[in-house]
Amino acid sequence: MMIKEKINAMFPAEQDIPAEFRLSSEIHQKELLINGKMIKWNGDSQQVYSPIHTYKDGKLEAKLLGSFPIAGEKEAQMALDAAVKAFDNGRGEWPTMSIAERISCMENFTKLMIQKKAEVVNLLMWEIGKTYGDSLKEFDRTVEYIFNTIDELKKLDRDASRFVIDSGIIGQIRRAPLGVVLCMGPFNYPLNETYTLLIPALLMGNTVMFKPPKHGTLLHCPLYECFLKAFPKGVFNTVYGKGSNVVPTLMSSGKVNVLTLIGSSKVADQLKKMHPKVNRLRAILGLDAKNAAIVTDSADLELSVKECILGSLSFNGQRCTAIKIIFVHKSKADAFVKRFSEEVNKLKAGMPWEKDVTLTPLPEPGKPEYLQKCIEDAKANGAQVCNEEGGYNYKSFSFPAVLYPVNEKMICYREEQFGPLVPIVPFEDIEEPINYLITSDHGQQVSIFGQDTAMLADLIDPLVNQVCRVNINCQCQRGPDTFPFTGRKDSAEGTLSVNDAIRSFSIRTMVAAKQTEANKDIINHIVESGESNFLSTRFIF
Ligand code: G3H
């Protein structure tokens, strides 16, 4: 079968979906988790359609998965009030609880969460079209992230379970919570990336308002009962509704202490400005990126092709860390484009549950049309689509387009396409890709390919001051999660990793006293009585 025919035949009839991946029923969420209660919702609902189309009575239709509440300002205010009350100016049960007790709540949550794995993984596939393998990985990586964060917090707490004495002052320094956190995750890693914000925020003693992403929303629903069972009331609250309607209510209240989101820099910028006292707001953000690959003349062709395919087209290019533009030295460009195009056309398109599938339907409505617009624009400015059927769209599916030679007049040169479109730019002088990075609004990562060590060294030194991760002979990526994940310019604010995130969501705070006999007695008494969770030398093993 030709590529086009295969694509046209990719969507299944209901009876062709393997039994284990069928949805047992639609999920119509009619409740909001606020202040430790599931509150009935009788208002408007947003219907959720899958990017996966199925045949019904011979007609191909996007499958209805369920619906979620379109709540309003009133409910957002209720969530805010609950989070503020649970924090209670730092006097609430959660922020004053010992770290060991907080960890125990989180462990209980994780135990409950693991029981929901099959349901969440299936919804990941249906809601955002992520392959079964990647959906499983997303769930497992999240659970591992939670355990690793707990371990890291234990280490941090052990180090803080002692006193320091300097210049006649005795001090105990710990990390304390910041307050009320508004947490919003992205649609491409709706579970994992959201939880890499949510989990450290909670563990550090903050209270949270959680707004689910616009796609990958329903998969959070089965997990709400786990939050309900594991945490004190008001610690975790949901916010539903149109962002432009409900989020300003929260931000303009001045009661949000931390804004954490993975999304667009434009939105983050607007939200920060809504806070009446910006200095009281901490922002922890993962934002736009347009990571480049630079394939130099000494690069191993096959290795660069393999890594650039992975980097640009894993999950259809819908990763913030994806390689979104490839610069190839002119001496290698023709061979690279040819081999790259051949490899793209070997990728299997299909349903997320199919074995060895890579290319799947896209969750964002209008995305295939946007990609088409970029292709037409590139063609009008002198590029060609180099792979057979590149850019072919069918319903929610778009076959990857390899565009070459790309130049600065084209939309795809600067815009973050966040989809299956690979712009390739030939270069003669290494200054060209370096200048591209310098003049870019983004500064997350870069991948450099080459075997000439002197050339690589020459590139590394200027590039580490442009981006926050320089990958040698491999694709860009966030993991492993112990590595710092951040960016310069419009790509990020703050640093995330197992280790960094618990610091991002807390502040160093200390108790200090002059080193007098009387003060030593007071401190010893408090420590021995175990009456304070902060001033304590208790050790978590
Ligand atoms: O969307 C951005 C994700 O953080 C990417 O994570 O590089 O591990 O796929 P990853």
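The values are calculated or read from the model by the stated rules, or taken from the named source; none is laboratory data. Note that the structure is a prediction, hence the values are computed from the model and not measured. Every residue, glycine as well, gets a Cβ built from its backbone with ideal geometry; the counts of neighbours run over all protein chains shown. Heavy atoms of the whole protein, side chains included, go into the accessibility calculation; ligands, DNA and RNA do not. Shrake-Rupley method; radii C 1.70, N 1.55, O 1.52, S 1.80 Å.
Observations on the structure shown:
- Long-range neighbours under 6 Å by Cβ, at least six apart or interchain, first residue touching a residue at least 40 places away in the same chain (Cβ under 8 Å) and within 13 Å of the ligand (Cβ to nearest atom) within region 483-508, second of a type in the set (A, V, I, L, M) and in a loop (DSSP other than H, G, I, E, B): Ser491/Leu287; Ser491/Ala289; Ala492/Leu287
- Qualifying residue in region 389-398 (condition: open to solvent by less than 10 Å² (accessible area, probe 1.4 Å) and among the aromatic types (Phe, Trp, Tyr)): yes
- Condition met for Ile262 (open to solvent by less than 20 Å² (accessible area, probe 1.4 Å), closer than 29 Å to Gly350 by Cβ and within 16 Å of the ligand (Cβ to nearest atom)): yes
- Test: residue in region 467-480 that is within 16 Å of the ligand (Cβ to nearest atom) and without any contact (Cβ under 8 Å) to a residue 12 or more places away in the chain: yes
- Any hit, region 51-65, residues being open to solvent by 50 Å² or more (accessible area, probe 1.4 Å) and under 25 Å from Leu250 (Cα atoms): no
- Residue within region 241-252 that is touching a residue at least 60 places away in the same chain (Cβ under 8 Å) and closer than 23 Å to Asp151 by Cβ present: no
- None of Ile522, Ile507, Ile460, Ile526 is open to solvent by 20 Å² or more (accessible area, probe 1.4 Å) and over 30 Å from Asn206 (Cα atoms) except Ile460.
- Any hit, region 207-228, residues being within 16 Å of the ligand (Cβ to nearest atom) and either modelled with pLDDT under 95 or within 16 Å of Cys105 (Cα to Cα) (or both): yes
- Among (1) open to solvent by 10 Å² or more (accessible area, probe 1.4 Å); (2) more than 15 Å from the ligand (Cβ to nearest atom) - the single one Pro186 does not satisfy: (2)
Per-residue answers, yes or no, for (1) within 16 Å of the ligand (Cβ to nearest atom); (2) buried (at least 23 other Cβ atoms within 10 Å of the Cβ):
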site	(1), (2)
Leu310	yes, no
Cys320	yes, yes
Ile323	yes, yes
Ser331	no, no
Arg339	no, no
Glu342	no, no
Asn345	no, no
Leu362	yes, yes
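- Which listed residue, of Glu517, Glu493, is among the acidic types (Asp, Glu), open to solvent by 40 Å² or more (accessible area, probe 1.4 Å) and within 22 Å of Met204 (Cα to Cα): Glu493
- Test: residue in region 450-466 that is within 16 Å of the ligand (Cβ to nearest atom) and under 29 Å from the mean Cα position of the chain (by Cα): no
- Strands (runs of 3 or more DSSP E) lying entirely in region 25-117 (those with 1 or more residues that are of a type in the set (Gly, Ala, Ser) and over 26 Å from the mean Cα position of the chain (by Cα)): none
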